[in-house]
């Protein structure tokens, strides 16, 4: 297992000074069981070290113990970086509550402001964060996360349009990225459903993770997505969006990969502002 993590860190080092990498990873039921497993945390922390900013979903963590374990593991795994985090309150109407957790590298990335968009249409309301980077061409940008309920995926993805409108009003910016496990495919979002999703039919939105991508370990469905606004797309490295298939990279069996999660991370790179980087 150790050589696998060394390989992962070598790939991280190759990324240095090329762009800012943003990711979203649904770690299935990421709670005390997984966070207390050293082998799994080795893989997860190596994956996290790949990103300048990463959104973690399905964090089952009432007392922040899981969050603290992950932070310790990540900062031990890649000491050449320093990571900080911002985490939502436990979200959800029922007993099964999840947090949205963002990890980001300091000092090149910082949090500007945040809020939760409380709306009963969402099973897990978006925890919206505006980030600032010293190195990106787009200096400030907003992340809107969403982990939909499969049975209500169409309605919840559509409702994200209203979240975008709210962010534009509150933060006075159109540099926006929507990301997460939208359950946007397979049995949950059919071809005939897309006409009822404003993020799909309205002008000004770009779906960077395409319908033919496989973001699930066991199925061929593109559940996890990254969507950007027109203005934000100008700050994206062309053709950089994709799926990080850690099963292939770390040479894992399907069973070993599923022990980590049933999803792969999705990612995109943001252009660096060369003038600001070299000042």
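Every read-out reported here was derived from the displayed coordinates using simple, explicitly stated rules and does not represent laboratory data. Just so you know, these numbers come straight off a predicted model, no measurement behind them. Cβ: placed from backbone, ideal geometry, glycine included. Neighbour counts: every protein chain shown.
Values for this structure:
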{"quantity": "DSSP-defined beta bridges in the chain - what % are antiparallel, rounded to 5", "calculated": "80"}
{"quantity": "Distance in nm between pseudo-label sites at residue 18 and residue 193 (7 Å out along the Cβ direction from Cα)", "calculated": "3.4"}
{"quantity": "Estimated FRET transfer efficiency when R0 is 41 angstrom, pair residue 80-residue 120 (beta carbons, to 0.05)", "calculated": "0.40"}
{"quantity": "Proxy reagent accessibility, fewest Cβ within 10 Å first, across 49, 78, 85", "calculated": "85, 78, 49"}
{"quantity": "Linear extension gain, residue 210 paired with residue 165, 0.36 nm per residue minus alpha-carbon span", "calculated": "13.8 nm"}
{"quantity": "Exposure proxy ranking, count of Cβ atoms within 10 Å, fewest first, for 177, 217, 251", "calculated": "251, 217, 177"}
{"quantity": "Per-residue [θ]222 nm for the chain (sum of -39500 (n - 2.57) over DSSP H runs n ≥ 4, rounded to 500)", "calculated": "-8500 deg cm²/dmol"}
{"quantity": "Likely footprinting exposure, 87, 142, 120, fewest C-beta neighbours within 10 Å first", "calculated": "120, 87, 142"}
{"quantity": "Computed over the chain: relative contact order in percent, which uses C-alpha pairs under 8 Å that are six or more apart", "calculated": "19"}
{"quantity": "Structure-derived Rg and Dmax of the Cα atoms in Å: which label, when the choices are (i) 23.4, 98; (ii) 19.0, 68; (iii) 17.5, 51", "calculated": "(iii)"}
{"quantity": "Residue 202-residue 249 pseudo-label distance in nm [points 7 Å out on the Cα-to-Cβ vector]", "calculated": "3.3"}
